[in-house]
Amino acid sequence: MDRLKVATVWLGGCAGCHMSFLDLDEFLIELAARIELVYSPVADVKEYPENVDVCLVEGAVCNEDNLDLIQKIRQRTRTLVSFGDCAITANVPAIRNQLGLGNGESVLQRAYIEGAQTNPTVPREPGIVPALLPRVMPVHEVVHVDFFLPGCPPPAERIKALMAQVLNGEAPKLDGAQLKFG
Ligand code: SF4
């Protein structure tokens, strides 16, 4: 039997959602036997592959790299899950939206110039440091999202419930923990 091709992605988040995924403990062994992890921060794969069955996306869309990647992910993924509150609402990364719209310059000024104690310099390196978007966005503002998995981070039991249903070929149920969108 073909194993399910699964990806996990880290956009603008703190990695806490991925840490919760690792809290699946022994269920990870069952998962490993039944899925192929084709792309993830915990796997050394440079290019997001084609024909991914399920992708869990942690984090908000904050910069141009995030924007390019989430659009590519959507094109190449059958089921896309907003994984955690930053992906669902933009949550913590969206705090910088309060500094006003623009090109992201206001938050860079606040962090690297006004807040600097030595050598106030905004880091700029085209091709290495991606430009900030004017506003941090939740994933569903950019691409269609199939399921939400809420929590900051989502508890491991909630992740397990979703993954168990996906592995069984079921559409995750509307039980208050996993919410279908659209
Ligand atoms: S939802 Fe919470 S744990 Fe997950 S990336 Fe955002 S801040 Fe971190």
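Per this entry, Ile159 is counted among residues that are touching a Leu at 6+ places or on another chain (Cβ under 8 Å), among the β-branched types (Val, Ile, Thr) and either at pLDDT 90 or above or not in a strand (DSSP E or B) (or both). For first residues located in the range 12-23 and under 9 Å from Ile159 (Cβ atoms) and modelled with pLDDT of 95 or more, partners that are within 7 Å of the ligand (Cβ to nearest atom) and not in a helix (DSSP H, G or I) and lie 6+ apart or on another chain with Cβ distances below 6 Å form the pairs Cys17/Glu58; Cys17/Gly84; Cys17/Pro153; Ser20/Pro153. All of (1) surrounded by fewer than 16 Cβ atoms within 10 Å (Cβ to Cβ); (2) farther than 16 Å from Leu133 by Cβ; (3) within 13 Å of the ligand (Cβ to nearest atom) hold for Ile95 with one exception: (2). From the list Arg110, Arg124, the one residue that fits, being away from the ligand (no atom under 16 Å from the Cβ) and either modelled with pLDDT of 95 or more or part of a helix (DSSP H, G or I) (or both), is Arg110. Here Val145 meets the list (1) part of a loop (DSSP other than H, G, I, E, B); (2) surrounded by fewer than 18 Cβ atoms within 10 Å (Cβ to Cβ) almost entirely, failing just condition (2). Within the range 24-66, the set of residues being within 16 Å of the ligand (Cβ to nearest atom) and surrounded by 15 or more Cβ atoms within 10 Å (Cβ to Cβ) comprises Leu24, Ser40, Cys55, Leu56, Val57, Glu58, Gly59, Ala60, Val61, Cys62, Asn63, Asn66.
The values are calculated or read from the model by the stated rules, or taken from the named source; none is laboratory data. Everything numeric here is computed off the predicted structure, so don't read it as measured data. Because the Cβ atoms are built from the backbone with ideal geometry, glycine has one as well, and the counts that use them run over all protein chains shown.
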